[in-house]
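What follows is a set of notes on a single structure, which appears directly below.
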Amino acid sequence: MKITVFAAVVATVSIAGAVWAHSGATGVVKQRMDAMMAMGKGVKGITPMMRGKTAYDPERVRAFAEMVRQHSGEAMTKLFPEGTDGAPSVAKPNIWTDRDEFNALAAQLESLSEGLAIAAENGLKQGGGGQGATMMGTQPAMGGGSMMGGGSMMGGSAMSGSATPAPEAFSEMPADVAFMMVSQTCSACHTKFRVEAK
């Protein structure tokens, strides 16, 4: 399979939904919505490069990876204190009941973003366009299906917080493969912990 236009569509829909949801959001809820929107815009902006549709620029890849790193890990989890669910938030209540899994995905996203920064120098997989997997898996980003399961480089499901490849693995990994891992971790988190846009 090749990376499809679907990823860009998902990112656009997610951004549009986030803009709508932002009305009335304040405090920590607005902060986390802003962070998620920034990452969604980042994915949308870099997807054409990862598809081989625009010139590859390792500096842009590193900048994207750094932006994701800044919004993931503990920086992400601290934006979800108890009692901040309910409208206008789109966070599902299970963020607080399945906190260990949410924290593991946030930490995994941070590690993968650091890996993507390392892989940036490697360019795209031969032939470009991330052959071997789609950007956001074969399921919509907001629904169904385990991401990164089966024969993925991560082994097992991202939902279970599988181990991230060691840094040395990223030093030889194509950037689009590392980008796919980042995107699929976002997708896995959205599937489990974000209310679907109606």
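A few points about this structure:
- For the range 23-33, the criterion of being within 15 Å of the chain's Cα centre (by Cα) and either modelled with pLDDT under 95 or not β-branched (Val, Ile, Thr) (or both) is met by at least one residue.
- Single residue of 82, 110, 66 found to be under 16 Å from the mean Cα position of the chain (by Cα), at negative phi, touching a residue at least 12 places away in the same chain (Cβ under 8 Å) and surrounded by fewer than 17 Cβ atoms within 10 Å (Cβ to Cβ): 66
- Residues of the range 163-184 classified as of a type outside the set (Val, Ile, Thr), under 17 Å from residue 50 (Cα atoms) and free of Cβ contacts under 8 Å to residues at least 60 places away in the same chain, total: 5
- Residues in the range 160-183 include at least one that is of a type outside the set (A, V, I, L, M, F, W, C), surrounded by fewer than 20 Cβ atoms within 10 Å (Cβ to Cβ), modelled with pLDDT under 50 and within 17 Å of residue 109 (Cβ to Cβ).
- Meets criteria (closer than 22 Å to residue 45 by Cβ and in contact with an Asp or Glu (Cβ under 9 Å, 6 or more places away or on another chain)) for residue 75: yes
- Criterion (within 19 Å of residue 63 (Cβ to Cβ), in a loop (DSSP other than H, G, I, E, B) and at pLDDT 95 or above) met by exactly one of 124, 109: 124
- Checking residue 98 against (1) more than 15 Å from the chain's Cα centre (by Cα); (2) closer than 23 Å to residue 177 by Cα, the condition it does not meet: (2)
- Scanning the range 21-42 for residues that are assigned to a helix (DSSP H, G or I) and either among the β-branched types (Val, Ile, Thr) or farther than 24 Å from residue 175 by Cα (or both) turns up 21, 27, 28, 29, 30, 31, 32, 33, 34.
- Residue match in the range 76-87 (condition: part of a helix (DSSP H, G or I), closer than 23 Å to residue 193 by Cα and either at pLDDT 95 or above or touching a Ser or Thr at 6+ places or on another chain (Cβ under 8 Å) (or both)): yes
- Residue tally, condition outside any loop (DSSP other than H, G, I, E, B) and of a type in the set (S, T, N, Q), over the range 43-75: 2
The values are calculated or read from the model by the stated rules, or taken from the named source; none is laboratory data. None of these values were measured; they are calculated from a predicted model. Cβ sites come from the backbone with ideal geometry, for glycine too, and all protein chains shown count toward neighbours.
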